[in-house]
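Q: My structure is below; once you've seen it, I'll send some questions.
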Amino acid sequence: MTIQGLIDRLGGLAFGGDYNPEQWDEPVWQEDDELMRRAKVNLATVGVFSWALLEPEEGCYDFAWLDAHLDRLHANGVAVDLATPTASPPPWFTLVHPDALPVTADGTTLVHGSRDTYCLAAPAYRSAASRIAAALAQRYGDHPAVALWHVHNEYATLCWCEHTAVAFRRWLRARHGSLDALNDAWGTAFWSQHYTGWAQVLPPRATQWHKNPGQALDFRRFWSDEVLAAFREQRDVIRDHSDRPVTTNLMVPGYQNLDLWAIAREVDLVAIDHYPDAPGPGAAADTAFGADRARSFARGRPWLLMEQGTNTVYAGDRTLGKEPGEILRHSLGHIARGSEGALFFQWRQSRAGAEQWHSAMVPHAGPDSRIFREVTALGEVVAGLGELAGSTVAARVAVLHDPDAWWALDGDGLPSPDHGYHAILRRAHRTLWEAGVTADFAHPEDDLSRYPLVLAPALFLIPDAGAVNLRRYVADGGTLLVQHFSGVVDERLHARLGGYPAAPLREALGIRVEEHRPLRRSERITLSDGSHATAWSESVRAEGAETLAAYTGGMLEDSPALTRHRFGAGRGWYLSTTLEDPDYAALIARLLAETGVDPERPELPSGVEAVTRHAPDGRRWLFLLNHGTEAVPVPEPAHDLLTGGRVDELAPGGCAVLRLPEAA
Ligand code: GAL
């Protein structure tokens, strides 16, 4: 079944969540049926953690209970997203395959008692996972309830065991070809790390001081490829028995043991889980960040919010509850940016077990609760948005994201601890979000020509091909902002010699960086244009670029901090320090103005999110989400799908989905 098949099957957008009926009994199942109808649930993810029940001992399956639940859900009009349970091997697995347990970098073997206690590279785990996936696919491949396959759950856990070492060496041989090439790539001439036999090469386990950065980066790449291989094995056995689409739920934004561009190419449907990590406007910005990433990884294909919490905001050491109305706003925040629905973890809050305090659609308090009332109201809303299915969102600004650059910046021995890749990327995205501009993420080697403006906030590592691509993008008329400490190493983490960044970028930017000069903690500097910066500075020489702001004082007095270079038909901007928020926002506003990228709805105040979904046939819908505390007039009064009427004003916290006149 194609994704269009799934959309047709659901009759619109998806609404529902993880459903774990094995935690309950008959009377509760009956109530579930009634409550799911009431909440207009049309998709339930079943079986994610059911391995122990499905295969109580190795090779012996018990499907009777699952048969009954799938039949019941089907009879109740709920389609099933059927999971393979391979993220949580049962306790017997530990005893039968002790060699397949995960080992941490410091040598501790982890055993069952939680979840994810397996080594993805262990042959016994891989064949056990493929066997249970095949058994499920054989039995349920044509089951009328099954609309989607959900392989595993949030592939991410790492392992440093002997199986991993063997697989890592195999991968390294394929990548580097010879030990000489590996020695060269990893710079093993330093610290007596030279390898004279493959058996000496290990995963980057706990060691005395800084790890070899090349080894650490290759390990991340290897692991990501290992995940892809494990996913493909399950996907392919499922495809042998079923024509329904296959997905896996990816953890965005912050979790990154996986090249999300690569896995997105392997799935039939990109699906993400998203749990905001800050309350209030932070949660809304984080939602937009996660959703824009998902849409970008999906490359314009439909994608789906597979999990979120009804009342869960992870805020450091505690989970905060959402404010009334946020269940709707966060869900619409995802749908606005292209999600084909809104699903949750989980349907009914567990009475016992490790996640008994995690929020759910039906809380411990039962259906007579604020949460269930908001869930039911949301179900009604999602059911009314069916006409949007298959439409997407077009952005005119791209933020470059490269997992290699992320992993490389996670390494040891960098000049300062202020290079949090994720934080830098989020800041760039949030600044655009606050300016009312929707952004895509793009890979540095993508065709970027459709974007008038591209931001490269944290491109520490860039291969030659990426640097050449960015130079071409500028030469052909694009505007590129490159930020400090970018383009300074190649794909082997070797420093660019002769001045940073990589030569093609130096040409496009018209500058040459001679020295990195991290600032002291809490040091604040003032640039010649009055703006303020922290954390980092560089000794930059203009080689053709005009200086828009210079450093003041100290040895960098008068040297360029912010530059702009006319190159071919475009402009290359370089920012060599970390501007404070208001000054960074002013810079982004200037770039947007120079490139003619307007906010989606310039008349709306900051805090009111506006995003348009477009269908290929010209139909358009404007999402308005008022995260602020003031009522605002609706910029283009039109039919609102949420109220079924015309709205002129958005109350504080209010939302609207306006059917706009069709685009010509
Ligand atoms: C997700 C995970 C779910 C559940 C949820 C809430 O990341 O996929 O299984 O654990 O978080 O914590």
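The values are calculated or read from the model by the stated rules, or taken from the named source; none is laboratory data. Being a predicted model, the structure only gives us computed values, none of them experimental. All Cβ positions, glycine included, derive from the backbone under ideal geometry; neighbour counts span all protein chains shown. Ligands, DNA and RNA are stripped out before the accessible areas are found, and what is left, the full protein with its side chains, is counted by its heavy atoms. Shrake-Rupley method; radii C 1.70, N 1.55, O 1.52, S 1.80 Å.
Q: For segment 276-328, which strands (runs of 3 or more DSSP E) that fit wholly inside it have 3 or more residues that are open to solvent by 10 Å² or more (accessible area, probe 1.4 Å)?
A: Answer list for segment 276-328: 318-320.
Residue by residue, here is whether (1) open to solvent by less than 40 Å² (accessible area, probe 1.4 Å); (2) in contact with a helix residue (DSSP H, G or I) (Cβ under 8 Å, 6 or more places away or on another chain) holds:
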residue: 562; (1), (2): yes, yes
residue: 567; (1), (2): no, yes
residue: 589; (1), (2): no, no
residue: 595; (1), (2): yes, no
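Q: Looking only at segment 236-255, count how many residues are within 16 Å of the ligand (Cβ to nearest atom) and either over 18 Å from residue 408 (Cα atoms) or without any contact (Cβ under 8 Å) to a residue 60 or more places away in the chain (or both).
A: Total satisfying the criteria: 6.
Q: Here are 178, 127, 192, 114: which of them is out of contact with any helix residue (DSSP H, G or I) (no Cβ under 8 Å at 6 or more places or on another chain) and within 16 Å of the ligand (Cβ to nearest atom)?
A: 114
Q: Can you tell me how many residues within segment 613-630 are open to solvent by 10 Å² or more (accessible area, probe 1.4 Å) and under 25 Å from residue 323 (Cα atoms)?
A: 4
Q: Residues being in a helix (DSSP H, G or I) and touching a Lys or Arg at 6+ places or on another chain (Cβ under 7 Å): count how many of those fall in segment 199-217.
A: Within segment 199-217, residues that are in a helix (DSSP H, G or I) and touching a Lys or Arg at 6+ places or on another chain (Cβ under 7 Å) number 1.
Q: Return the residues of segment 147-175 that are aliphatic (A, V, I, L, M) and either open to solvent by less than 60 Å² (accessible area, probe 1.4 Å) or within 16 Å of the ligand (Cβ to nearest atom) (or both); say none if nothing qualifies.
A: 147, 148, 151, 156, 158, 165, 167, 172
Q: For segment 266-275, state whether one or more residues are of a type in the set (Phe, Trp, Tyr) and under 30 Å from residue 322 (Cα atoms).
A: Yes; the residues of segment 266-275 include at least one that is of a type in the set (Phe, Trp, Tyr) and under 30 Å from residue 322 (Cα atoms).
Q: Test of understanding: among 638, 656, which residue is within 30 Å of the chain's Cα centre (by Cα), farther than 30 Å from residue 547 by Cα, without any contact (Cβ under 8 Å) to a residue 40 or more places away in the chain and not assigned by TED's automatic domain parsing to the domain that holds residue 421?
A: It is 656.
Q: Here is a follow-up. Which members of segment 517-534 meet the condition of being farther than 15 Å from residue 548 by Cβ, open to solvent by less than 50 Å² (accessible area, probe 1.4 Å) and outside any strand (DSSP E or B)?
A: 519
Q: Ok, one more. Being touching a residue at least 40 places away in the same chain (Cβ under 8 Å), among the hydrophobic types (A, V, I, L, M, F, W, C) and within 11 Å of the ligand (Cβ to nearest atom) is the filter here, so list the residues in segment 344-369 that pass it.
A: 344, 345, 354, 360
Q: Sticking with this structure for a sec: Does residue 65 satisfy being among the hydrophobic types (A, V, I, L, M, F, W, C) and within 16 Å of the ligand (Cβ to nearest atom)?
A: In short, no.
Q: Could you tell me which residue of segment 256-287 is nearest to the ligand (Cβ to nearest atom), considering only residues that are touching a residue at least 24 places away in the same chain (Cβ under 8 Å) and of a type in the set (Gly, Ala, Ser)?
A: Per the stated criteria, the residue is 271.
Q: Now for a different question. Output the qualifying pairs, or none if there are none: Cβ atoms under 7 angstrom, residues six or more apart or on different chains, first residue in segment 481-495 and on the phi > 0 side of the Ramachandran plot, second residue part of a loop (DSSP other than H, G, I, E, B).
A: From residues that are on the phi > 0 side of the Ramachandran plot, the pairs are 485/419; 485/460; 487/459; 487/462; 487/496; 487/501; 487/502.
Q: So, in segment 176-227, how many residues would count as being open to solvent by 60 Å² or more (accessible area, probe 1.4 Å), within 22 Å of residue 404 (Cβ to Cβ) and in contact with an Asp or Glu (Cβ under 6 Å, 6 or more places away or on another chain)?
A: Here the count works out to 2.
Q: Might you let me know whether segment 88-109 holds any residue that is open to solvent by less than 40 Å² (accessible area, probe 1.4 Å) and within 16 Å of the ligand (Cβ to nearest atom)?
A: yes
Q: Determine if segment 544-554 includes at least one residue that is part of a helix (DSSP H, G or I) and not assigned by TED's automatic domain parsing to the domain that holds residue 386.
A: Yes, segment 544-554 contains at least one residue that is part of a helix (DSSP H, G or I) and not assigned by TED's automatic domain parsing to the domain that holds residue 386.
Q: Oh, and also: Quick test of your reading of the structure: residue 281 fulfils all but one of (1) closer than 27 Å to residue 142 by Cα; (2) assigned by TED's automatic domain parsing to the domain that holds residue 301; (3) not β-branched (Val, Ile, Thr). Name the failing condition by number.
A: All conditions pass for residue 281, except number (1).
Q: For segment 495-516, which positions are buried (at least 21 other Cβ atoms within 10 Å of the Cβ), among the hydrophobic types (A, V, I, L, M, F, W, C) and not in a strand (DSSP E or B)?
A: Selection gives 502, 505, 508, 509.
Q: Looking at the structure I just gave you, is residue 49 within 16 Å of the ligand (Cβ to nearest atom) and either closer than 18 Å to residue 138 by Cβ or outside the structural domain of residue 350 (by TED's automatic domain parsing) (or both)?
A: When the stated conditions are applied, residue 49 passes them.
Q: Checking the structure you have, find out if any residue of segment 307-320 is closer than 26 Å to residue 21 by Cα, more than 16 Å from the ligand (Cβ to nearest atom) and at pLDDT 95 or above.
A: No, because not a single residue in segment 307-320 is closer than 26 Å to residue 21 by Cα, more than 16 Å from the ligand (Cβ to nearest atom) and at pLDDT 95 or above.
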